[in-house]
Structure formats: structure tokens, C-alpha cells
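First comes the structure, then the notes that go with it.
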Amino acid sequence: MVAARDGAWFVVWMPVAFLVYPVGVTGFSVWGPFAPALAADIAGGVLAELSAVDRLVFQAGRYLFLTAGAAFSVPLFPGGGAGPVLPGWAWVLVKTVVVLAVLVWLRRKVPLLRPDRFMEIGWMVLLPAVVARDLLVSLIVVRGG
């Protein structure tokens, strides 16, 4: 993936995919706007039934999914270990921490979505955008560019 980027990061070549990927990661991690079932409303949400080790494992799993999603995004979009001064592994670590920091920061900046609204956005906005992007990439590849 990193070698196929032709001088520019895939963030530049595929901005739609770069925007859809973190949305999928946060949704899969039940994080930020996609965590209404975990929200502390009147009843305390589903986390009210978990305590001690069960709650710790649940929370750690969410953070691990988020961290893995951020780490997987580094070779896909911001160029992997490419960078000027540091060795490659350090650049991967720095870029992973930056992506993870942005995902954690956005948690409180974006309002909660109801599950039906999330599905509507996914089917009506994200899926057509990704299909259109795939069509554009396939046309570029077929033309030889």
C-alpha cells in the first residue's frame, strides 16, 4: 500500500475513503456519536449492568478496537513509515497516535446519533460516496492512468 502511493499519500488521492474509514472505525468501536446505547441517560445505559472486571474488559475492548483502527489507517492513508528524520517504526507510531488523538478528540465534539439515523447516513450518504469513488478509481485504472 505504501509503495503504491505514487508520491502522494492516499489521503490526497482518496479523501472520501479516508473520511469513511474513521466513521467505520468509530462505529465498530461503539465510540463517539455511535454510542447512544452506552450513554448515561436516566437509567445509566447498558454500562450500569457491568461492574469491576466485566466493565474493564468492555472498556478496554472499545479502546483496543479504536487503537487497532487507527494503526491500520497508517499504512492505508498517511503513508505508513514514510517521513524525513525519524526511522520508519517511529513514524508509524507518531501517525497512529495522531489519528487516535483525533478520534478521541472528536468523541465529545460530535453529537450522539440514534441508530436509525446512523443507518440512514450509512445507506444514503456513505455507501453511494464509496461506490462512486470505487467507480472513479476503476475508470482511472482501466484507462491506464
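Some observations on this one:
- Taking 7 Å steps out from each Cα toward its Cβ at A90 and W9 produces label points 1.8 nm apart.
- Seen against the Cα atoms of the chain and their longest principal axis, helix 52-76 is set at about 10 degrees.
- Gain on full extension, evaluated as 0.36 nm per residue between W123 and A48 minus their Cα-Cα distance, stands at 23.8 nm.
- Accessible-area composition of the chain, carbon plus sulfur, in percent [1.4 Å probe]: 75
- Answer label for Rg and Dmax of the Cα atoms in Å (calculated), chosen among [x] 14.5, 49; [y] 17.2, 65; [z] 18.0, 58: [z]
- Isotropic mean projected area of the C-alpha convex hull, the stretch 46-121 (nm²): 7.2
- Average accessible surface area per residue within the chain, 1.4 Å rolling probe, Å²: 67
The values are calculated or read from the model by the stated rules, or taken from the named source; none is laboratory data. Nothing here was measured: the structure is a model prediction, and the numbers come from that model. Backbone-built Cβ (ideal geometry, glycine too); neighbour counts: all protein chains shown. Just so you know, the surface numbers come from the protein's heavy atoms only, side chains and all, with ligands and any DNA or RNA stripped out. Shrake-Rupley method; radii C 1.70, N 1.55, O 1.52, S 1.80 Å.
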